[in-house]
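A quick write-up on the structure given underneath.
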Amino acid sequence: MANYEPPVTDYESIVENCTCAFCGCNCDDLDYLIKDGHVVGVRHACRLGASKIMEDMDQRLLVPMIRGEDGELAETDWDSALDKAAELIAGAVRPIFYGWSETSIETMHHGLELGELVGAVLDNQATICHGPSLQAVQNAGYPISTLGEVKNRADMCLYTGSNAMNSHPRHMARYSTFPRGYFRPRGRFDRTVVTLDPKYSDTAKMSDIWVGFEQNGDYEFYNAIRAVLKGKKLQKEFISGIPKEDVEELAEAMKNVQFGALFFGLGLTHTLSKQRNIDIAIQMVADLNSYTKWILMPMRGHFNVNGFNIFMAFETGFPYGVDFARGYQRYMNGETNTIDLLTRKECDVFMVIAADPGAHYPGGAVKHLAEIPVIQVDIHWGPSTEIADVVLPGSFVGVEVGGTSYRMDGVPIWMKKAIDKPETCRDDEWIIKEILERVKKIKAEQGALASK
Amino acid sequence: MTYVDKPAIPKVVKFDEPNAKLRNKLDVMLNTGSDIYQGACKKRGSTLKDEYRKVAGVAYMDPKDMAKLGVSNWDHVKVISDWGEVVVNAAHSRDAPHEGTIFIPKGPWANVVVSPETYCCCDPTYKGIMCTVEKSDDDVLLMADLMRAVYKKYVNKDDEEGIKDLATLGEMPVYKKL
Ligand code: SF4
């Protein structure tokens, strides 16, 4: 068979129970097969996790670099690169520190201190993915549980606007659909899987029920279900393209389960009604709870995107897009978020830590990044490196360095170190701490000058 | 219940399909989002490689739409929206039928045509973009070349033609070693 890959047998040692550093499932049952200080095989991970852990060394960032006058990146030593970064940050009027979702909570600590010191905006990937979900949670509540509870209890799993089979491949296998749980001894056979998505996605293909409502039909559809739950008669024959009988039947089915879990993805946050979609989904879950037990959970993308939100909410009171420009923390949607700051051309220095705005921001926002200095702390050469002026090679959390992360349900998980990092790289935590020290020094010198 | 049988996806695009009228331009709705192939390639770090261009620089289209445009797999199409235009490969969608919608996995190619408008709620509009698709003879650029051609950070911004003629940045990192 052409697609058959023989199992890896050529390895020296195994490191067991490692945590995957890819998606918000944070699968913590992986075994790494190690040879010559490299991971040559990964057991139990999905395609995504395995491909990230067995990285492409061709594009690994190995040395600090500064872009010269000629527009080409040139290797330099750590001192010069860190000094350059510190100089840019200390001289900035409206800096943004963006990213953090693929690094450890320990790194964020130093980042927050640096942000407070220079009056920066601290933001993470939530701003382009689940930000509206966090706003909705602030509006309407957060009926969440842990994934363990879903595994043991849920008899209906509903995925809406999320293609779990593509973005969280082991979510169904490990937590929601397939595993046998305490009250669901037969696993998949004891559960009904529903997918709500305009597209016949890979997740829809595995579901018992697919509701393919119209694009941007989410808001109307959930409201129709809410109306049915409240005992109202639907007036229209078709709701978002779905016959009203089907809506009634689905509402009835959702009412009659013992424990339902609704997982939602970017299909809700990226369409026009944005946070209002989630407001209504949360209220639908609240309505369902008058009949039975339902919970709701956002399908968080990166392994520590939730961690940054929890960390920031704990430290500053706000989950993301926290602006320290006035010396204290402010949070205002549409004002202190990265994309808005960039499209308004407010930002003057941009530091990206463990994220890739070049790959994931809309062109309209990247255009401003092309006009200002960009500092990149990352492990791979990516689209952002093409627009970066200072590049600082970090290390791989969960493989080369330990760190704390938060799973999508808010469970903290310690990710352990399995192998050594390349000699010339540094830990993210060390890099941010060094920049902080250097910025402090510059500020102290400026202070001394000013007082003379 | 809205049970839907596995939709029948025609394996071969029939250009002479009686209902499919060949046209030069198609009005479609664009969705972007993650896709497992794009995700695996991106996070492995292989973004400079041709592989990334194949998995992210691609518009998944309904076979019927492809027939209407007269394109087959790996032909190039130009996607134009209010925010920009980009040339990508065309490919059969494995989620078809979805006539009138195309899907480009998230990445530098999709970014050129999505809307940065957040409507004051922090999140840009990555889905539901109205755009047109037409057949194109231009090449689909590699990631590094695309970033240079679109954002022009380190080249002469006014020299459009000159940028086109620059040598490709290739599939490996380019930097000066010590
Ligand atoms: S599901 Fe997510 S966390 Fe689990 S192995 Fe796959 S990528 Fe890693």
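Annotations
- For the stretch A:13-54, accessible area per residue (1.4 Å probe, heavy atoms of protein chains only), Å²: 35 Å²
- Spatially proximal aspartates and glutamates relative to A:Lys151 (Cα-Cα < 17 Å; intrachain offsets below 8 disregarded): A:Asp28, A:Asp29, A:Asp190, A:Asp409
- Computed in the context of the full set of protein chains, the accessible area of the stretch A:13-54 at 1.4 Å probe radius has 46% of its extent on carbon or sulfur.
- Helix-only mean residue ellipticity at 222 nm for chain B, each DSSP H run of n ≥ 4 adding -39500 (n - 2.57), per residue, nearest 500: -6500 deg cm²/dmol
- Summed side-chain charge close to B:Leu178 - residues other than B:Leu178 whose Cβ falls under 11 Å, Lys, Arg +1, Asp, Glu -1: 0
- Percentage of interatomic Cα-Cα distances in the stretch A:131-298 larger than 21 Å: 42 percent
- Counting protein heavy atoms only, the stretch B:25-140 has 46 percent of its accessible area on carbon and sulfur, 1.4 angstrom probe.
- Inter-part distance, the stretch A:328-381 to the stretch A:140-185, computed on C-alpha centroids, equals 33 Å.
- Inter-chain Cβ neighbour count for B:144-155, averaged per residue, equals 5 (cutoff 10 Å, partner chain atoms only).
- Taking both sides together, the accessible area buried where B meets A is about 6100 Å² for a 1.4 Å probe.
- Between the Cα long axis of helix A:218-229 and the first principal axis of chain A there is an angle of about 40°, rounded to the nearest 10.
- Degrees between helix A:275-288 axis and first principal axis of chain A (Cα, 0 to 90, nearest 10): 40 degrees
- Ellipticity estimate at 222 nm from DSSP helix runs (n ≥ 4, -39,500 (n - 2.57)) divided over chain A, nearest 500: -10000 deg cm²/dmol
- Relative contact order of the stretch A:131-298, taken over Cα pairs closer than 8 Å and 6 or more residues apart, is 31 percent.
- Taking a straight Cα-Cα cut-off under 22 Å and skipping sequence neighbours fewer than 8 places away in the same chain, the lysines within cross-link reach of A:Lys199 are A:Lys244, A:Lys274, B:Lys6, B:Lys11, B:Lys54, B:Lys64, B:Lys68, B:Lys106, B:Lys127.
- Considering only chain A, percent of DSSP beta bridges that pair antiparallel, nearest 5: 40 percent
- Relative contact order of chain A, taken over Cα pairs closer than 8 Å and 6 or more residues apart, is 24 percent.
- Accessible-area loss of 50 Å² or more (1.4 Å probe, protein heavy atoms, chain alone versus all protein chains) is found in the stretch B:99-128 for B:Asn111, B:Pro116, B:Cys121, B:Cys122, B:Asp123, B:Tyr126, B:Lys127.
- Under 17 Å from A:Lys433, Cα to Cα: lysines that are on another chain or at least 8 residues apart: A:Lys84, A:Lys441, A:Lys443
- Three principal axis lengths of the protein assembly as shown [C-alpha, angstrom, descending]: 77, 56, 55
- Considering only beta bridges that DSSP places wholly inside the stretch A:131-298, some 10 percent are antiparallel.
The values are calculated or read from the model by the stated rules, or taken from the named source; none is laboratory data. Because the structure is a prediction, the values reported are computed rather than measured. Cβ coordinates were reconstructed from backbone atoms using ideal geometry, including for glycine residues, and neighbour counts include every protein chain displayed. Each accessible area value is taken on the protein alone, full model and side chains, heavy atoms only, with ligands, DNA and RNA left out. Shrake-Rupley method; radii C 1.70, N 1.55, O 1.52, S 1.80 Å.
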